[in-house]
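Before any comments, here is the structure.
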Amino acid sequence: MHFPSSPDSVICFGIFELNLDARELRKRGLQVKLTQQAFRLLAALIENAGEVLTRDELRKKLWPANTYVDFEHSLNKAIHSLREALGDSAINPRFIETVPGQGYRFVPVVERRGEIRIEKKKLESIAVLPFTFVSTQHEESSFIAGQLTATVINILSHESKVRVLAYNTVRHYKAEGKSPATIATELGVNGVLVGEILQRNGDALIHVELIDASDGAHLCGMQLKRSWAEFSGETEHVAIEVSNRIVQLLEGRAQSNRPRKHPSIGNGPPMPIGARPLSKAWAF
């Protein structure tokens, strides 16, 4: 016979739910496979969300005193397995942050199902972090990344009601290895927009994600693909495509069919959104 789980046994963070009674993790309602050790590790980290758990503390929680295992290897394997299940990264953590010389910290704010707020607080401020190149052989990559970042900030600051940090405030900010919550605290915002550019086989792949720093939730994202020649020559058009999607989310309205004009950083006239759609683009 199946007994329903109590609300207090279901812990929510972002788009995930951890059911302690059923011993399962779900993402948007779909079950995510976890090993027994990965589940116990996640439960331990969530139980101490926001605090650092040392490797020795994790050893005591995950392995009884009379258990003989290669602890270092087993814990590293469990951390890797859990990050893979969550779609997390050790370099840019959204969920599990490595604290050098100490241990691990679970970053998002967690809530039990019975405590979830009916309304989610809207973002009041965001920081657009400098776009980064994953790998490139082009000398102009720094200029292109800076131009893309500055244009997105320029458009968002004019077209949304959300406070957007100025380009000169974020241009030299070092975010590598920091969680969205840490970045937001240091910059004084509650939302973070991150973007990566990958040059592959003559194409430019641009991935953008808007993150709610309060719980690490993915609010929206998009991936764009263009030939490198198109991208490097029409960077502003990519910025417009990105900004259009983000503005719609921040203002909480459906996409309008009427083009809107945005300030241009170039010498030409303002470019309406959607005037030159990307050859291959999709949003999710």
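Selection within the stretch 95-110: residues that are out of contact with any helix residue (DSSP H, G or I) (no Cβ under 6 Å at 6 or more places or on another chain) and open to solvent by 30 Å² or more (accessible area, probe 1.4 Å). The member of this set that is nearest to Val192 (Cα to Cα) is Val109. On the stretch given as the stretch 1-25, residues that are at pLDDT below 85 and closer than 15 Å to Asp215 by Cα total 3. Taking the criterion of being free of Cβ contacts under 8 Å to residues at least 40 places away in the same chain and within 15 Å of Leu210 (Cβ to Cβ), the residues of the stretch 158-193 that qualify are Arg163, Val164. Pairs are defined by a Cβ separation below 9 Å, a sequence spacing of at least 6 or placement on different chains, a first member in the stretch 34-57 that is in contact (Cβ under 8 Å) with a residue 60 or more places away in the chain, and a second member that is hydroxyl-bearing (Ser, Thr, Tyr) and surrounded by 14 or more Cβ atoms within 10 Å (Cβ to Cβ); the pairs so defined are Leu45/Tyr104. I'm checking my understanding of the structure. Among residues of the stretch 127-137 that are open to solvent by less than 60 Å² (accessible area, probe 1.4 Å) and assigned to a loop (DSSP other than H, G, I, E, B), which one is farthest from Val247 (Cα to Cα)? Looking at residues that are open to solvent by less than 60 Å² (accessible area, probe 1.4 Å) and assigned to a loop (DSSP other than H, G, I, E, B), I get Thr136.
In this entry, Glu209 passes the filter for residues that are among the charged types (D, E, K, R) and at pLDDT 85 or above.
The values are calculated or read from the model by the stated rules, or taken from the named source; none is laboratory data. Quick caveat, the model's predicted, so the values are computed rather than measured. FYI the Cβ positions are ideal-geometry reconstructions off the backbone, even for glycines, and counts take in every protein chain you see. Ligands, DNA and RNA are excluded from the accessible area calculation, which covers all protein heavy atoms including side chains. Shrake-Rupley method; radii C 1.70, N 1.55, O 1.52, S 1.80 Å.
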